[in-house]
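Chemist: I am attaching a structure below and will ask some questions about it afterwards.
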């Protein structure tokens, strides 16, 4: 096997508990194979699923037979019968090869009816099904992974691990150390079958030791939703413990992924063997040098560079390369016809208007040539290095793994730095002949695992030339109108606190370590689609990936009240009717988003934002339970019939009644209050104060009758009152004189001169777009700048119509 | 073939660096440095460590410094240097007491040249002789040097339209009351005309900035005259310069900062939730400065060359004009993508910032970094966004921004957002930064820093094969390390205290070549460790103790390796090869072979014996190997 080839067996749990995330498992696994098809074509992959009930009758007769094998001479057969267990021993000449040879310790296994090799050979391992034997990756592998079977029984991950190891060992034997890998995806919900002898832990120890001896690595991904409860009384805990043993005793890594999004990111889909960028001394001083190795910790996985394709070759030409060559020619500026040969060129560097020619040889003679070294400049307080000065991708310094003393020295320094809140400043020249030095900061990375040594992270810092010291005004110097008041500040505090991606007791959402790159995900999915249908359109982002680019509706709805409060206090309310069209125009829609027209039935999944956006597209004809206030506002602003206003008010009244009547210890009061406030506002706008006032009186009476006085008190405490005369006064046209520049449009300035504007909050005309005619009006009152939206009339060949619609947004 | 890296990437639509690092602005900047040359500028100011510095020196050295940076970074910007209150006069308007400093082959307002920088470096010596200092506003004469200076500066800046150029006058003076020496109607009249002149200039789109020089005992009183000239009112004026009692060094620092005009990179909309959005400007406060771009020249004539790139079909040789399709080979097939499809794939979100939530600062790890950060500040202009035929104004951005900024600082949290740029959509962390002010002015501006976060594919895991328990430092060792750390402490370290030695070297070489200087200048490498400091007994003792505690006595690096048996397979092999080579090498009479030209009859394997035995590189073709051997033999 070639040097850089990997053999991987995917062990996928497909038992019923996994069904809800199998789609993501399919995606991440096929992505992994896809990347192998591109970047490491000769890697080999096998696929094992477990948790399937295989109907294959092959060894059904052996049901109940368990096999144990002990070192040396004899085999022990155990017959498990209903009601009792019997043993019988046998001599070595057993006809069937009873147990995987790689396990050196006695172990008990049950035999069942699957068709994996171990079962056919020795029996046992029921519900473990080899979907694909280990072989070089091909398109069938991708396809097999995209249609995983849905299992019906619980799966035993230990069985699966043993089957996977058996496959690897049979195929490669002790060769390919470190290039053999198992990848286990399971929720570890189902109990592991108890071995006949010893405990599960002993069994795991045996397997782990064997893994280590055979040089097999394992990645375990445990995708467990946050709502998961340990149903089987400690089974999960026990399983987690067993997995923990693996990560301690062998080269295994266990990661837990709560959300489907983090599952996509949890599996490393591209294998990059780490290469050191420096091996040598970390010089604390000339007398004290610590041997270290430096690796890249982060390095961007770039979008693949695609080759340019030429379709000029005739279609009959079978040997056409379709490549495009790039040709550079250097021509004299003065005589464009003369081509200067490459050897006659010389590099010139600009110095002001001058260009200074310097040949490479000259340049090499005078340029800065530092010696390869990594030297300490000193330690400093962590507060002296601000986070935003980190310049590049990050490196990691580990002590030379073979040098115990160096490990100790790094450990001592790292721990001391952490304790003292210090960082180290280094000057690094990674390679001999490197033309510059790097100054950076070393921060401690103290390990909490016994088998990982302490290390440092290294970040490059800017030089004096790299920092631009622009001056910005102090926030305290801004006028009061731009400063938040106390209430607003509190709302902001709440937002920052409650709109929380890292709640205690839950997985931190969007952790960089578990967040896949949506662009790459999409590219590889599209690539796969295109390989089948060359004209396939770009697939939309699915909901799992959308959680990376858009706020998670679930989190948003959890803190909806906080967001609404924030929104209310900062008075940036846009008119719902206009919002849609404005939005549509303002930002070009992200491709593949299905924000509109998505008739998603699952109201819990769809966040409030999307909900409103969907509905505000127009026709809401009744007030729903989820967002009554928004529905009400939308209905009030419908203009296709004057009846909507009355209907909206009527519906809203009923809704409020329902809420008050059905409340259980005041739990709906807050919502009812919001509705009431909204109704009040609507009635003022629509010149229907009587309707509101009558309703409020009625409600009051109703509460007294039904002994719901606490609601009345609640209202009073929130200051909800009848609509007063002054509030209900008709508002007339507010005209004003306005000279208005609206920026550069094409080349000409659009200038709207004295203009008459109508107050849109007028009844009957609410949200009517009124044309401002530049000809109307003169000598009108000035106008306090409000938030407004402005529309052109029709667009005629790029010019604005003489009229503009100005819409004031009511406060 | 060596190619100009700039050229290769120029049109590469999916090259990320391009958009990110290149921020060439459409507009250029025109600056007139207006320096007061009155005798008052020459009076000594601070006596510090016996070093006498004049305000004139401060002003001139600031300008010299800024010219040197400018010629590298923004060489298209134009400058003029103009002294007023001078004995001699030199200006197009032939006005008294104004001297426009210039060198040959250069307009008065033009791009800086090497010659200008060189001559200006010695201005302090030549000033008295050639220009001379003389107070221009005296009672009795009707001359108004300040008025003249503004007039000349304004006339210099007449060039270029206000749309494409950013015009500024930077005025250096230590005289807070220029008309203090005269009285009565004349004073009123002169004040009025000067103010009018300044106002005219400002109306033409020229901004006037004052860089007042004051001394500890005598504060520059801006309200006497200059607040009117600059149009400052109320609070602005009082805040303009809280300079009292400062060291000259700080002043220099501040002046240097003022010389950089801030430029925004772009404007983004930060949408929070439910349709609340703010308008923000982004600024690049930290970006690696690269040596200037390479221009290819004809080595015979030194005339610049133009590069032409053409795409040719490898099969037919036909020239390809239209944007080509891209292919990815996959499953033994070429899968084609159109350019539109590729940009569609990348458009996972719009070019705006979307808030996704908040996290405590502890979640932002040291390795969550990929590129230099970008600074965000609320857009304070109340501008109407004009998009298609829709006008939308977003007010209150600043207010929301300040509120969030305060909350984030107070609660120690940062925001996670998605930045949907067309080429590089990415998760970002927005970290609030409080304003930090020291005596020399603002050190850290208030705002948010946008830190680009890696995706899971960008983070690497380093597996060490070590599975045994790894050793951990014990308390004593940690204590020794702590003691060492206390000894080697950089108290006032600031991230930008070192200048880049490679870059400085580059500039120095260029300058020397441009000015035909014979000697290559020596540039001090500021990043070299402080050997002297490390040799102090306290430090040496701490080092020794730490070393003793960790490594023990008589530690031998090689022995450690041998006893551990950890010498890797590869290095053992290498050693064996080297030994073998030395042995084999003696079988040949190299000198004789070389003399008779027989080296070429040997195989490369044989040639490599010699090279390995003598520690020479073994790479390259056979001829290269032979040449290397010959060179080593000295033949």
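The values are calculated or read from the model by the stated rules, or taken from the named source; none is laboratory data. Bear in mind the structure is a predicted one, so any value in this text is a computation, not a measurement. Methodologically, a virtual Cβ is constructed for each residue, glycine included, from the backbone with ideal geometry; neighbour enumeration extends over all protein chains shown.
Chemist: Which residues, taken from the stretch B:511-520, are without any contact (Cβ under 8 Å) to a residue 24 or more places away in the chain and closer than 22 Å to residue A:463 by Cβ?
Modeler: Answer for the stretch B:511-520, where residues must be without any contact (Cβ under 8 Å) to a residue 24 or more places away in the chain and closer than 22 Å to residue A:463 by Cβ: B:512, B:520.
Chemist: Would you point out which residue out of A:296, A:325 is in the same structural domain as residue A:457 (by TED's automatic domain parsing) and at pLDDT 80 or above?
Modeler: Answer to the selection: A:296.
Chemist: Still on this model: Are there helices (runs of 4 or more DSSP H) fully within the stretch B:445-534 with at least 3 residues that are within 7 Å of chain A (Cβ to nearest Cβ) and farther than 23 Å from residue B:367 by Cα? List them.
Modeler: B:475-487, B:501-514
Chemist: Considering only the stretch A:535-551, how many residues are facing another protein chain (nearest Cβ under 7 Å) and touching a strand residue (DSSP E or B) at 6+ places or on another chain (Cβ under 9 Å)?
Modeler: The qualifying residues number 4.
Yes/no per residue for (1) more than 26 Å from the chain's Cα centre (by Cα); (2) surrounded by 18 or more Cβ atoms within 10 Å (Cβ to Cβ); (3) in a loop (DSSP other than H, G, I, E, B):
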residue: B:340; (1), (2), (3): yes, no, no
residue: B:345; (1), (2), (3): yes, yes, no
residue: B:355; (1), (2), (3): yes, yes, no
residue: B:358; (1), (2), (3): yes, yes, no
residue: B:367; (1), (2), (3): no, yes, yes
residue: B:370; (1), (2), (3): no, yes, yes
residue: B:377; (1), (2), (3): no, yes, no
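Chemist: For residue A:520, indicate whether it is more than 15 Å from the chain's Cα centre (by Cα), facing another protein chain (nearest Cβ under 10 Å) and either at pLDDT 85 or above or not in a helix (DSSP H, G or I) (or both).
Modeler: Spelling it out, it is not the case that residue A:520 is more than 15 Å from the chain's Cα centre (by Cα), facing another protein chain (nearest Cβ under 10 Å) and either at pLDDT 85 or above or not in a helix (DSSP H, G or I) (or both).
Chemist: Suppose we filter B:285, B:312, B:305 for residues that are modelled with pLDDT of 80 or more, closer than 15 Å to residue A:355 by Cβ and out of contact with any helix residue (DSSP H, G or I) (no Cβ under 7 Å at 6 or more places or on another chain); which single one remains?
Modeler: Being modelled with pLDDT of 80 or more, closer than 15 Å to residue A:355 by Cβ and out of contact with any helix residue (DSSP H, G or I) (no Cβ under 7 Å at 6 or more places or on another chain) holds for just one of B:285, B:312, B:305, which is B:305.
Chemist: Could you look through the stretch A:393-422, keep only residues that are in a loop (DSSP other than H, G, I, E, B) and more than 7 Å from chain B (Cβ to nearest Cβ), and pick out the one that is nearest to residue B:371 (Cα to Cα)?
Modeler: Across the stretch A:393-422, the extreme among qualifying residues is A:421.
Chemist: Same structure again: Can you go through A:324, A:339, A:346, A:358 and tell me which one is more than 30 Å from residue B:326 (Cβ to Cβ) and out of contact with any helix residue (DSSP H, G or I) (no Cβ under 7 Å at 6 or more places or on another chain)?
Modeler: A:346
Chemist: Also: Looking at the stretch B:64-78 only, could you name the residues that are buried (at least 20 other Cβ atoms within 10 Å of the Cβ), in contact with a helix residue (DSSP H, G or I) (Cβ under 7 Å, 6 or more places away or on another chain) and at pLDDT 80 or above?
Modeler: Correct list: B:67 only.
Chemist: Then there's this: Checking residue A:451 against (1) more than 7 Å from chain B (Cβ to nearest Cβ); (2) in a loop (DSSP other than H, G, I, E, B); (3) closer than 26 Å to residue B:472 by Cα, only one condition comes out false. Which one?
Modeler: Result: residue A:451 passes all but (1).
Chemist: Is there a residue being touching a strand residue (DSSP E or B) at 6+ places or on another chain (Cβ under 8 Å) and in a helix (DSSP H, G or I) anywhere in the stretch B:91-112?
Modeler: no
Chemist: Counting only residues that are within 8 Å of chain B (Cβ to nearest Cβ) and surrounded by fewer than 17 Cβ atoms within 10 Å (Cβ to Cβ), how many does the stretch A:486-507 have?
Modeler: 1
Chemist: Residues that are within 30 Å of residue B:520 (Cα to Cα) and free of Cβ contacts under 8 Å to residues at least 12 places away in the same chain: does the stretch A:331-345 have at least one? Walk me through how you get there before you give the answer.
Modeler: Residues of the stretch A:331-345 that are within 30 Å of residue B:520 (Cα to Cα), as a first pass: A:342-345.
Of the ones still in play, those that are also free of Cβ contacts under 8 Å to residues at least 12 places away in the same chain are A:343-344.
Looking through the stretch A:331-345, at least one residue is within 30 Å of residue B:520 (Cα to Cα) and free of Cβ contacts under 8 Å to residues at least 12 places away in the same chain.
Chemist: Would you please name the residue that is nearest to the chain's Cα centre (by Cα), looking only at residues in the stretch A:458-476 that are within 7 Å of another protein chain (Cβ to nearest Cβ) and more than 16 Å from residue B:433 (Cβ to Cβ)?
Modeler: Among those residues, the one meeting the criterion is A:459.
Chemist: Pull up the stretch A:388-408, narrow it to residues that are in contact with a strand residue (DSSP E or B) (Cβ under 6 Å, 6 or more places away or on another chain) and either free of Cβ contacts under 8 Å to residues at least 60 places away in the same chain or outside the structural domain of residue A:284 (by TED's automatic domain parsing) (or both), then point me to the one that is farthest from residue A:447 (Cα to Cα).
Modeler: Per the stated criteria, the residue is A:388.
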